[in-house]
């Protein structure tokens, strides 16, 4: 089955969110939503999420799942806002507990912060199956960028999050806590083992040099042949050397500190203080 896929591109964070629709019915899933956040003022906005809500309502869709490919470090998730407006269950990989434990310590969240993934409605393991209407979704655990990264294969479409980018841009960084370039290589090999005609939908696009337009859809066959980091059968040794050297030159994403605090809570803000104010922490020299 070939799902209908509607992409929503957020220029502020270069994130692509998706509404994935059963072509034979009204059922749909949302993948990797965005809550707009102005770092300078600390203000949130729901314009990106509202565009998804409007599309769902205009097409009379029934959202069954709100899926996260991983705990994003470059944008805040709008999952709770979407769930309140549209329903559906929020899902992520079961290794979220590893991420919660790591960043719970970095942000000194204390014992009141649950590190068991209970903020989410569903924790997926490798090989799990879910359904969006009549469409079968399969879960692939694809760590490397983070320990909890998943690829969702729904019909002939694979939603890979940050694991792969467009072929002319390459692959995800692996230098966040718990990341691993060798794990990423093995994860990508699993994705590339899917049929060549499988559509691949990436989580971000940054317009590689020489390309004028943003893009987010490719195929497994194109990735195998053309990906500048891992295509044409590049060996694990070559990839790890390249990836680790490249990562050593990269700065931290602009929104990593607010994003991690919110996204490890399934998109919820930290609890308000005694004055009713919500505060995000800014740990010094931790990342």
Using the 10 angstrom Cβ neighbour count as an exposure proxy, how do 19, 30 rank, fewest first? 19, 30
Can you give the alpha-carbon Rg of segment 84-183 over 2.2 N^0.38 Å, where N counts its residues? 1.19
Calculate I(q)/I(0) for segment 131-287 by the Debye formula, one identical point scatterer on each C-alpha and no solvent, and give its log10 at q = 0.08, 0.11, 0.15, 0.19 Å⁻¹ to two decimals. -0.28, -0.51, -0.87, -1.23
Express as a percent, rounded to the nearest 5, the fraction of DSSP beta bridges in segment 4-251 (both residues included) that run antiparallel. 70 percent
Ranked packing of 79-92, 141-154, most packed first, by mean Cβ within 10 Å: 141-154, 79-92
What one gets for segment 136-216 as the Kirkwood radius, inverse of mean 1/r over different Cα pairs in Å, is 13.0 Å
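Listing 115, 21, 26 from the residue with the fewest other Cβ atoms within 10 Å to the one with the most, what is the order?
26, 115, 21
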Ignoring solvent entirely, what values of log10 I(q)/I(0) come out of the Debye formula for segment 160-203 at 0.15 Å⁻¹ when each Cα is a single scatterer? -0.37
Could you sort 117-129, 203-215 so that the peptide with the highest average Cβ count within 10 Å comes first and the rest follow in order? 117-129, 203-215
Along principal axes, largest first, the alpha-carbon spread of segment 45-139 in whole Å comes out as 43, 35, 22
Per the Kirkwood treatment, what hydrodynamic radius in Å, one decimal, follows for the chain from the mean inverse distance over all distinct Cα pairs? 19.1 Å
Proxy reagent accessibility, fewest Cβ within 10 Å first, across 181, 41: 41, 181
Of the peptides 271-278, 258-265, how do they stack up when ordered by the mean number of other Cβ atoms within 10 Å, highest first? 258-265, 271-278
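No value in this document is a laboratory result; all are computed from the given coordinates. Predicted model, so just to flag it, every value in this text is computed and none were measured. Heads up, the Cβs are rebuilt from the backbone with ideal geometry, glycines too, and the neighbour counts pull from every protein chain shown.
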